[in-house]
Amino acid sequence: EKPLTATQLNMASIKGPAPAPTSFPGAEKLRIGIVHARWNEECITPLVNGCIKNITAAGVKPENIVVESVPGSWELPFGVSRLISASQVQASSNVSDLMGATSLLDDSKPATPTTTGAKASKAALDAVIGIGVLIKGSTMHFEYISESCCSGLMRIGLDTGVPVILGVLTALTEDQALERSGVGRKGDKGHNHGLDWGSAAVEMALKTNRWA
Ligand code: DLZ
């Protein structure tokens, strides 16, 4: 029997993950970090929101999603690395001042402590997503930043044992980036890859805890 074609399956492309698990028992105990670059904000905002949508849909509490920003994708590995180690230090102390999801894309607000005091320590982050959008220009910047950023994020995951999700679009054109952010152009919104990154973070966090 012949397999169904992509058209018969009503899919525009064969690319992308097969459906993620639909139930995530234990997700309510997880803490997930998101570090996003601010370059190409038209794509960054829906990508971050897509992540948050699927992380909370999986059962993670909104107050357990920490969102921080860095200037550009070059700074993502540093930001992710520091966020992981800060969360681990805070988990072993009694102060917690990592910002909650309400700080999304609003660096004008000071970092307000979510909780303070003797019982305030929070669990360390179980997974972190690094989100950036790189769009090829006319110089070699794109190649250098893409390679360094992706290999840096991979290294942090392997070195720390905390899953790091690659939420970096390396697009050759603006249209490619918009399509992959669920924004699109000319009526076709494409697909928001942030949704997949959110699910991947929860899945990997749960599996890492199980494999500990
Ligand atoms: C400089 C730069 C350029 C040209 N393009 C992008 C981009 O498309 N996406 C992105 O996230 N960041 C870009 N940056 C900024 C660098 O990542 C970095 O923030 C600066 O070089 C400062 O270190």
>> What distance in nm separates the two pseudo spin-label positions at residue 93 and residue 42, each 7 Å out from Cα along the beta-carbon direction?
In response: 4.2 nm
>> 7 Å from Cα along Cα→Cβ at both residue 53 and residue 138: what's the point-to-point distance in nm?
In response: 3.6 nm
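Taking 30 Å as the cut-off for C-alpha to C-alpha distance, list the pairs among 15/136; 186/207; 29/189; 136/186 that go past it.
Values: 15/136 21 Å; 186/207 40 Å; 29/189 33 Å; 136/186 21 Å.
Table pairs above 30 Å Cα-Cα are 186/207; 29/189.
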> Can you list residues whose amide H is under 5 Å from residue 70's amide H, if they're 5+ apart or on another chain and H is modeled 1.01 Å from N?
Replying inline: 36, 37, 38
> Ordered by residue, what ³J(HN,Hα) values in Hz, to whole numbers, does the range 53-70 give under the Karplus form 6.51 cos²θ - 1.76 cosθ + 1.60, where θ = phi - 60° and Gly and Pro are x?
Replying inline: 4, 7, 5, 6, 4, 6, x, 6, 6, x, 5, 9, 10, 9, 10, 10, 10, 10
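Values in this text are rule-based calculations from the coordinates and carry no lab data. Predicted model only: the values in this text are computed from it and were never measured. Please note: Cβ atoms are built from the backbone with ideal geometry, for glycine as well, and neighbour counts cover all protein chains shown.
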